[in-house]
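Please treat every number below as a calculation from the coordinates, not as lab data. Values in this document were obtained by computation on a predicted structure and should not be read as measured data. Reconstructed Cβ throughout: ideal geometry from the backbone, glycine too, with neighbour counts over all protein chains shown.
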Ligand code: G1P
């Protein structure tokens, strides 16, 4: 089974930094953002390869995930085995690449991986967000297994005035994750049967307040539908629109998650906050980080 990470965007929010460095390679502490996402993608049982949908403008991502024997050797000769191991581990991750030549939207990006995916279910992980404990996709796999291997998406509540920024689902709660007893329908652990999906609806059109957070476990049928998917919101080929069409043929479920269990890296402010969060939770860094803040007052 494979996981797809779309990574062909221009990274305009991070200019000028992204003039020479793809936003996916910006570090959170000492590791590129996309490596956190790749490691998360490899966690659920059965996932053995990550397909990155890249653009030809960003060859640095492919170099990063390639073993660089010369560099490793130099590090080892200098007695830096720990560092050499880290360099090797990044290059040895089971990552492959496909290319999206035009920025035609998330649905189009996912379709670029169709040949690699074949007839197997697959995960999609949006790369502006990662979940440190890797468990979100594992829970989605659990829900899928309990419902005839149907597609499952992770969703979370959002204030009404923000629904137009996201894909929004409609449906009914039908249960909960094993061992989870959420107090209400929009609390983490609630499982919904999806009957509608709308990309960037107005407040009036939104079928609920549950937005798609960027983790999907999808039936291969989605690839078929994406082939004939026309442009939707923003003139882009939307994954959400293909999923809405999928509902006519297959069941789909959603699991409510706490979006704060993951770290956002989609804007400079969110990326900076994520760096602080990771620094504060890494014991080897925490104290020096707090000391480095000096007299900063919040
Ligand atoms: C994409 C998806 C949307 C989802 C969002 C999560 O939108 O199309 O359904 O809610 O990611 O971040 P984008 O952020 O690319 O506009």
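Across region 28-105, counting alpha-carbon atoms alone, Rg and Dmax equal 14.3, 47 Å. Extension gain, residue 80 to residue 267: 0.36 nm times the residue separation minus the Cα-Cα distance gives 63.9 nm. Normalised by residue number, the volume inside the convex hull of the Cα atoms of region 1-44 is 74 Å³ per residue.
How large is the Rg to Rh ratio of region 138-288 when both quantities use alpha carbon positions and Rh follows Kirkwood? Please report the intermediate quantities before stating the final value.
Numbers: Rg = 16.9 Å, Rh = 16.6 Å.
Result: Rg/Rh = 1.02.
Counting only DSSP beta bridges with both residues in the chain, the antiparallel share comes to about 60 percent.
Kirkwood analysis of the Cα pair distances in region 116-162 returns a hydrodynamic radius of 12.8 Å. Give me the angle, in degrees from 0 to 90, between the Cα long axis of helix 135-146 and the longest principal axis of the Cα atoms of the chain, rounded to the nearest 10. It is inclined by approximately 30 degrees. Across the chain, Cα pairs under 8 Å and at least six residues apart give a relative contact order of 21 percent. Taking the chain on its own, what percent of its Cα-Cα pair distances exceed 24 Å? The proportion of pairs with Cα distances above 24 Å equals 54 percent. Coordinate range of the alpha-carbon atoms in region 204-272 per principal axis, descending: 40, 30, 27 Å. Computed over Cα pairs, the Kirkwood radius of region 67-207 leads via Stokes-Einstein (0.692 mPa s, 37 °C) to a diffusion coefficient of 174 µm² per second. When peptides 1-8, 253-260, 224-231, 174-181 are sorted by average Cβ neighbour count within 10 Å, with the highest value leading, the order is 1-8, 253-260, 224-231, 174-181.
Give, to the nearest whole percent, the P(r) tail of region 1-141 beyond 26 angstrom, counting all Cα pairs. Mind dumping the intermediate values first?
Working: 2498 of 9870 pairs.
The proportion of pairs with Cα distances above 26 Å equals 25 percent.
The stretch between residue 102 and residue 67 holds 9.8 nm of extra length on full extension. This uses 0.36 nm per residue minus the Cα-Cα distance. Would you work out if region 155-231 is rounded, prolate or oblate? Take a ≥ b ≥ c from the square roots of the eigenvalues of the alpha-carbon gyration tensor; rounded if a/c is under 1.5, else prolate when a/b is larger than b/c, oblate otherwise. Oblate shape, in that a/c is at least 1.5 and b/c is the bigger or equal ratio.
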